Each structure stands twice: as C-alpha cells, then as structure tokens.
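Here the structure is laid out as structure tokens; the discussion comes afterwards.
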Amino acid sequence: MKKCRWCNTTENLTIDHIIPKSMGGSDEKSNKQVLCRGCHNEKERRVQKIWRNGKWEVINVSKLTNANTN
C-alpha cells in the first residue's frame, strides 16, 4: 500500500517531484516521491530558491526529501 513519505498517511496521496520541474527537476522515477496533500503543501512552503549562474537552484534539498512533519 502506498503511503506518504513524510507522515505515512495513506489518504489524499499525490506524486511529487523532489526537485520541482520548474527548477530543472526531471520526470525520472528517482526524482519522484509520494506525498499526501498536506505534506506536499508544506514542502511547497519550505522550498527555497537561489539564482546562481543564470538559473534557479533548489537549496536544502536533503531537508526536503528527508523531512518528517510529525
């Protein structure tokens, strides 16, 4: 059974890009995770971007992928 990677719920699940496509993330399986809507919204709130060398980059990606909101 699928469950949210952050909080382990099995309700309201979505497929999330770990590094958002808008910031250069891919559609590869390794860049996708299952999150519930609540955790997905929390992740969006936490995403930090910086402009470096002519492009947007995500910072603190390890915190985003390993977060536990409980």
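Kindly list, by first and then second residue, each pair from a residue in segment 5-27 that is touching a residue at least 12 places away in the same chain (Cβ under 8 Å) and more than 13 Å from ASN41 (Cα to Cα) to a residue that is of a type in the set (Phe, Trp, Tyr) and not in a loop (DSSP other than H, G, I, E, B), limited to pairs with Cβ atoms under 9 Å and residues at least 6 apart or on different chains. Pairs that qualify, where the first residue is touching a residue at least 12 places away in the same chain (Cβ under 8 Å) and more than 13 Å from ASN41 (Cα to Cα) and the partner is of a type in the set (Phe, Trp, Tyr) and not in a loop (DSSP other than H, G, I, E, B), are SER22/TRP56; MET23/TRP56; GLY24/TRP56.
How do the strands (runs of 3 or more DSSP E) wholly within the chain filter down when requiring 2 or more residues that are modelled with pLDDT of 90 or more: which remain?
Working: elements: 13-17, 32-36, 48-52, 55-59.
Answer list for the chain: 13-17, 32-36.
The values are calculated or read from the model by the stated rules, or taken from the named source; none is laboratory data. For clarity, every value in this text was computed on a predicted model and none was experimentally measured. We place every Cβ from the backbone using ideal geometry, glycine too, and count neighbours over all the protein chains shown.
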